[in-house]
Each structure stands twice: as C-alpha cells, then as structure tokens.
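First up is the structure itself, then whatever we jot down about it.
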Amino acid sequence: MKKIDAHLHVAHVIAGYCRRGESRAIGQGKIMWGNGEVMQLIPESYGDSRNFLAEKAIELMDKNEVERAVLMQGSLYGFQNQYHAQLMQTYPDRFCPSCTIDPFMSNHYETLKYFFEEKKFRLVKFEISSGGGLMGCHESFSLASDRMMRIYDLIEKKAGVLALDIGDVTMDSHQVDNVLRIAQTFPKLKVVVCHLLAPMENRLEHWRASLHLLCRENIWFDLAALPKIIGTDSYPYPKVHELLKEAKKIVGADRMMWGTDAPFAAVLDSYEHLADYLEKEPTFTDRELEDIYYNTAYRVYFS
C-alpha cells in the first residue's frame with residue numbers, strides 16, 4: 001500500500017534549542033544538550049550519524065512503499081529552513097517541507113513572508129510543546145494572542161497549512177480551546193494537530209473531550225510517534241490500536257494521517273514497524289487505510 005509519511009524529520013546540521021539549552025551531535029546518533037544530558041536522537045543502526053539527510057530518509061521510504069513525506073521542523077534538530085528550501089528544489093515530488101520561525105524574533109513576520117513569497121513554502125510547523133518546543137525556551141504564551149493570530153492570518157492568506165505540536169495535557173502548551181479558536185477564526189486555514197493530541201493513558205477522558213471539540217472541517221490529526229508516546233506497548237501496538245478505534249469514532253478515519261516522527265521515533269522501533277503496524281490489526285478497512293496512509297495527506301499537503 002503506497003504511503004505518505006506525514007511527519008518526518010531530516011537535519012543537515014543538528015543545532016537544536018529548547019529547555020535544556022542547545023543540542024549538538026556527538027556521533028553514533030547521539031546529541032548532547034547544553035546542560036550535559038546525552039540522548040539517542042538517531043538509531044545507532046544508521047551508522048555514525050551526526051545528521052539525518054534526505055537521502056537516508058529516501059532510502060528508508062523506498063524500502064517501505066513511502067512515496068512522499070512531509071518534513072516537519074522540530075526543536076530537537078534545530079531549525080532546518082535553509083535545508084528544507086533546498087530539498088523543495090531537489091526533490092519536488094518526494095517532499096513537502098515545512099518552514100518555521102520563533103514568533104518572538106523581532107523580524108519574525110517579515111521572515112515568514114520571505115519563506116512564503118521567495119522560498120515558496122506552503123507549510124508552517126510550530127513546535128509549541130513545553131517539553132521540547134517554544135514554551136520550553138520562552139515563558140508560556142497564548143496560542144491565540146494578537147502576535148500569533150497575525151501569523152495565522154498570513155498563513156491563511158497564502159493558502160498555507162499550519163501544523164501544531166501542542167504537547168500533552170500536562171503542559172501549558174496544550175491549549176485545545178485556542179486551537180479551536182484558531183480554526184474558527186480562519187476557516188480557510190488547514191490546521192493539523194500533531195501526534196493525535198499526545199494521548200496519556202491516565203487522562204483519556206480529557207483526550208476524548210478534546211477530540212470532540214476539535215472535530216471540525218479544517219482540522220486534521222497526524223498519528224506520528226503514537227507507539228513512543230504510549231510507551232507501554234509493543235509491536236504491533238494493540239494499545240495504540242484501541243485508541244485509534246476511539247479516535248475513528250470521534251473524528252473519522254478521513255481526518256487522520258499516518259506519520260512516523262522518524263528518526264527519533266525509530267530509536268525505539270524500526271521504521272519498518274512504524275510503517276506497517278496499522279495494517280496488522282483490523283482497526284481500519286482497506287479504504288480507510290488508503291486515506292490514512294496516503295489520500296488525506298496528499299489532499300492536505302500536496303494539492
């Protein structure tokens with residue numbers, strides 16, 4: 001079954017920045033944060049990795065029937081705007097790269113206009129989460145502030161897509177009401193909420209209520225990293241499938257898009273398993289899988 005990975009990361013130079021300071025590659029797929037913490041960002045099996053290039057991603061994609069991928073920005077890797085712009089030109093039929101900004105930069109608005117008008121980006125990703133995003137390196141802020149709403153207005157006017165990682169329910173960044181407000185204020189804006197709202201096993205009632213709240217025409221959800229987020233499951237992830245059955249009833253299979261969140265998510269399990277686990281349980285019909293794996297992501301990101 002052909003696929004679009006709706007949430008993949010690449011990095012030419014790893015230069016992250018969030019709550020633990022800067023991140024730098026130290027070899028064997030590991031990074032070190034400014035506070036000295038070391039973490040495995042890229043699977044050791046990928047070699048002495050100090051980056052994760054598009055060519056390695058394409059190699060994994062080709063082995064797993066993944067025709068295209070959406071390249072998300074992420075604070076673990078650092079902003080990849082220049083690299084993503086390059087990949088848009090080099091691999092126009094394989095990738096939909098995102099751009100990003102720090103909305104607290106003095107010239108953030110002009111920079112975003114440049115990305116749209118000169119570099120021709122059509123997707124903006126904000127890693128908002130308090131754990132590893134903008135609210136990890138800035139004081140908590142409203143996603144519906146005047147500053148942010150001006151940004152969404154520009155994205156809508158440029159017929160772009162807005163992708164948001166708002167973290168889990170324990171974080172100040174988890175502003176479901178404000179995501180709804182964004183979608184209502186900008187009805188022509190395509191809004192994608194990453195990680196299916198990062199469900200927590202001990203807070204599922206809140207998760208269900210949030211899905212009901214965000215069940216709207218211009219909101220979609222990617223399923224990236226769900227096995228890693230649940231964390232107490234093993235392939236083919238029956239616990240994840242139980243959550244997906246609930247999500248299907250609430251928002252519909254046509255509102256969900258498969259994604260891996262590789263390479264970081266592939267540290268805990270192989271890209272191959274992340275690519276095919278949805279097919280290993282009868283959670284979705286073949287037609288629904290076609291939508292989740294390909295059709296919906298194509299409509300949202302590539303058309």
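The values are calculated or read from the model by the stated rules, or taken from the named source; none is laboratory data. Values in this document were obtained by computation on a predicted structure and should not be read as measured data. Don't worry about glycine lacking a Cβ; one is built from the backbone with ideal geometry, like all the others, and counts go over all protein chains shown. What goes into the accessible areas is simple: the full protein's heavy atoms, side chains included, and nothing from ligands, DNA or RNA. Shrake-Rupley method; radii C 1.70, N 1.55, O 1.52, S 1.80 Å.
For ILE31, the test of being out of contact with any Pro (no Cβ under 9 Å at 6 or more places or on another chain) and under 19 Å from TRP258 (Cβ atoms) is failed. Just so you know, in region 15-30 the residues that are open to solvent by 10 Å² or more (accessible area, probe 1.4 Å) and in a loop (DSSP other than H, G, I, E, B) include one that is farthest from TYR298 (Cα to Cα), and it is ARG20. Six or more apart or on different chains, Cβ under 8 Å: which pairs go from a residue in region 237-265 that's free of Cβ contacts under 8 Å to residues at least 40 places away in the same chain and more than 15 Å from TRP207 (Cα to Cα) to one that's open to solvent by 20 Å² or more (accessible area, probe 1.4 Å) and part of a helix (DSSP H, G or I)? Could you list them? Pairs found: ALA253/GLU288; ALA253/ASP291.
Output the residues belonging to region 266-303 that are closer than 21 Å to LYS245 by Cβ, open to solvent by less than 10 Å² (accessible area, probe 1.4 Å), within 18 Å of the chain's Cα centre (by Cα) and not hydrophobic (A, V, I, L, M, F, W, C). Result: TYR293, THR296.
For GLY167, the stated conditions hold: it is touching a Gly at 6+ places or on another chain (Cβ under 6 Å) and not acidic (Asp, Glu). Only residues that are open to solvent by 20 Å² or more (accessible area, probe 1.4 Å) and out of contact with any helix residue (DSSP H, G or I) (no Cβ under 8 Å at 6 or more places or on another chain): list them for region 175-201, please. Matches in region 175-201: GLN175, ASN178, ARG181, GLN184, PRO187. Conditions: (1) surrounded by 21 or more Cβ atoms within 10 Å (Cβ to Cβ); (2) at positive phi. GLU65 meets all but one. Number of the miss? In the conditions (1) surrounded by 21 or more Cβ atoms within 10 Å (Cβ to Cβ); (2) at positive phi, GLU65 misses (1) alone.
Restricted to region 56-175, the set of helices (runs of 4 or more DSSP H) holding at least 3 residues that are of a type in the set (Lys, Arg) and over 26 Å from ILE229 (Cβ atoms) comprises 146-157.
Of all residues in region 31-45, which are assigned to a strand (DSSP E or B) and closer than 14 Å to ASP269 by Cβ? Hit for region 31-45 is GLN40, nothing else. Here THR100 does not fit the description of being open to solvent by 70 Å² or more (accessible area, probe 1.4 Å) and of a type in the set (Val, Ile, Thr).
Would it be correct to say that ASP276 is among the charged types (D, E, K, R) and touching a strand residue (DSSP E or B) at 6+ places or on another chain (Cβ under 8 Å)? Considered against the rule, which asks whether it is among the charged types (D, E, K, R) and touching a strand residue (DSSP E or B) at 6+ places or on another chain (Cβ under 8 Å), ASP276 comes out as no. Of all residues in region 141-155, exactly one satisfies the criterion of being under 15 Å from VAL176 (Cβ atoms) and open to solvent by 10 Å² or more (accessible area, probe 1.4 Å), namely SER142.
Only residues that are farther than 19 Å from VAL70 by Cβ and in contact with a helix residue (DSSP H, G or I) (Cβ under 9 Å, 6 or more places away or on another chain) were counted in region 119-144, giving 5. Taken together, ARG50, ARG94 contain a single residue that is in contact with a Gly (Cβ under 7 Å, 6 or more places away or on another chain) and surrounded by fewer than 21 Cβ atoms within 10 Å (Cβ to Cβ), which is ARG50. When restricted to residues that are part of a helix (DSSP H, G or I) and farther than 17 Å from LEU196 by Cβ, region 265-274 contains 5.
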